[in-house]
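One structure coming up, written as structure tokens, with questions to follow.
What follows is calculated from the coordinates using simple rules that are stated; it is not laboratory data. Bear in mind that the values here come from a model prediction, so they are computed numbers and not experimental data. Cβ sites come from the backbone with ideal geometry, for glycine too, and all protein chains shown count toward neighbours.
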Amino acid sequence: MIRRLFKWAVRLVLLLVVLVIGLLLPAGYNELACIPKTKDATYTAILPPEHHRSEARTLMTYPEWHIVHAYDDYAQVISTGDPHDFGYLQAIGGFWSSLCELSFASADHGGMDWDTKRMVYVIGVSFTAELLAKAAYEETLGRAAAWQRGEARAPLDELSADQARAYAAFLQQVPWFKWDFDSDREDLLTNATDQFRDVERAAALGTEYKIKAAYARVIGNAVEQVGPDELSLRMIVSGLEREQIEALDGVTFIDTRAEGIEIETPRYRELTELLVQMAGQGAEFVEIAGNDDIMFTALSQAETTDGALHSFARQGYGDTRHLVLLKVSDLAERLRQMQVASGPDRLRLEHIHDY
């Protein structure tokens, strides 16, 4: 009996080792195969050093946003379909393939610092593990429950789709660990009927939400210990008067320089909306967070677009996402061009990646 238990314990340990190695392989590949020789930055910043952010981070912010976009794709797919219709491996592959291209591109912008690299690898491995676990369930037991249900969607199919859409929208500006997973779990239990699909959804998604709620509390406590990332940044703009600057919501006038006006703005999704608004009013961007290059993502019906670092299809939408790197000084004109462009292959701005 003891010998048999020992054999099973050894098998379990070996299985865990294989799983861990498998999860770490993409990070190892990126570390060994996707890192060219880093070049020294040649741009001389206008802003003082305390307001600089690493230029390579305009590239390295994308992997985290890829996860945000994956949740949005998932919400889009299950709004009319089932979770097993979502391409989990496609979403995982998109994370690691884009990271490889961005790692190559970062060499011309000072390269990735180790702290950023470590963070990207951690979230990538976590994302991979989460989607593999979800795929394993949804492609087997979840698919069987959907087959037993038939074509007509159950109440919790609709509710879980609504929750997925709300969560995807939330992630556009707020960290994931601040989402109320416990409330979602309670809503599932409250609205479940006695039909098998609802019972299965309440059990499966309820367990998922319970695990995420516990993990979110751990991450939230850790963030409190080290402090959150800066929620604002400095930039220099021209083409606008001080009165126009001060009328912009969330923007603080700092100083007038020879190169333009120094301002402080919020980051993340709010920054994208602000930059579009400012470009529409005639602003030109001189420097952002001490950098002269910046990346944005845009969508189009075309599979490729000129100048894209990487392009790949979105799930549920039938279009393609493009990662485009350009000079900060060219950003305003590019935004104006996209606003007036027409035709099926036109680029539609999705997100401007700060640092």
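Using 1/(1 + (r/R0)^6) with R0 = 45 angstrom and r between the beta carbons of Gln148 and Val18, what's the FRET efficiency to the nearest 0.05?
0.85
Over 18 Å, how big is the tail of the calculated P(r) for region 232-353, in percent of all Cα pairs?
51
Related question: Would you mind telling me which residue in Met112, Met338, Met295 has the biggest mean-square fluctuation in a Gaussian network model of the chain, where springs connect alpha carbons within a distance under 10 angstrom?
With Cα springs under 10 Å in the chain, the top fluctuation among Met112, Met338, Met295 is at Met338.
A follow-up question, please. Could you bin all the Cα-Cα distances of region 54-226 into 10 Å bins starting at 0 and give me the percent of pairs in each, rounded to whole numbers?
Percent of pairs per bin, in order: 9, 34, 34, 16, 6, 1.
If you don't mind, there's one more thing I want to ask. Run lengths n ≥ 4 of DSSP H only: what is the helix-derived mean residue ellipticity at 222 nm for the chain, with -39500 (n - 2.57) per run over all residues, to the nearest 500?
Mean residue ellipticity at 222 nm (helix-derived): -18000 deg cm²/dmol.
Further question: Leu189 to Phe170: extension gain in nm, 0.36 nm per residue of separation minus the Cα-Cα distance?
Length gained, Leu189 through Phe170: 4.6 nm.
Something else now. Using the crude model of +1 on Lys and Arg Cβ and -1 on Asp and Glu Cβ, and no other charge, please compute the dipole size for region 209-355 relative to its Cα centre, in debye to 20.
Once rounded to the nearest 20, the dipole reads 820 debye.
Is there a quick way to get the dipole size of region 54-226? I mean about its Cα centre, with the Cβ of Lys and Arg at +1 and of Asp and Glu at -1; what is the value in debye to the nearest 20?
The calculation lands at about 300 debye.
Tilt of helix 62-78 relative to the longest C-alpha principal axis of the chain, in degrees (0 to 90, nearest 10)?
Compared with the principal axis, the helix lies near 50 degrees.
Let me ask something additional. Please get the size of the charge dipole for the chain, origin at its Cα centre, with Cβ charges of +1 on Lys and Arg and -1 on Asp and Glu, quoted in debye to the nearest 20.
Charge dipole, the chain, about its Cα centre: 1740 debye, nearest 20.
Who wins for biggest fluctuation among Asn191, Asn291, Asn30 in a Gaussian network model of the chain, springs between alpha carbons below 10 Å?
Of the options given, Asn191 has the highest mean-square fluctuation.
Right, next: Taking the Cα atoms of region 115-175 alone, what are Rg (to one decimal) and Dmax (as a whole number) in Å?
15.7, 49
Then there is this: Which of the lysines could a cross-linker span from Lys327 if the Cα-Cα distance has to be under 18 Å and same-chain partners fewer than 8 positions apart are dropped?
Within reach: Lys39.
Turning to a different aspect of this structure: Just name one of Leu335, Phe253, Asn191: the one whose Cα is farthest towards the positive end of the charge dipole of the chain (beta-carbon charges, Lys/Arg +1, Asp/Glu -1).
The Cα lying farthest towards the positive end belongs to Asn191.
Report the extension gain between Ala203 and Asp306 in nm, rounded to one decimal, defined as 0.36 nm multiplied by the number of residues separating them, less their alpha carbon distance.
32.4 nm
Still on this structure: Please report the equivalent ellipsoid semi-axes of the chain, computed as sqrt(5 x eigenvalue) of the Cα gyration tensor, largest first, in whole Å.
40, 25, 20
Angle check, please: helix 268-280 long axis (alpha carbons) against the longest principal axis of the chain (alpha carbons), in degrees 0 to 90, nearest 10.
Approximately 40 degrees, to the nearest 10.
A further question follows. Say we join alpha carbon atoms closer than 10 Å with springs in a Gaussian network model of the chain; which of Tyr88, Tyr317, Tyr167 then has the biggest fluctuation?
Of Tyr88, Tyr317, Tyr167, the Gaussian network model singles out Tyr317 as fluctuating most.
In addition: Quick one: if you stick a label point 7 Å off each Cα along the C-beta vector at Val122 and Ser329, how many nm between them?
3.9
Sort out for me the Cα centre separation of region 297-355 from region 46-86, rounded to whole Å.
14
Stretched out fully, how many nm does the piece from Ala222 to Lys178 gain, at 0.36 nm a residue minus the Cα gap?
14.6 nm
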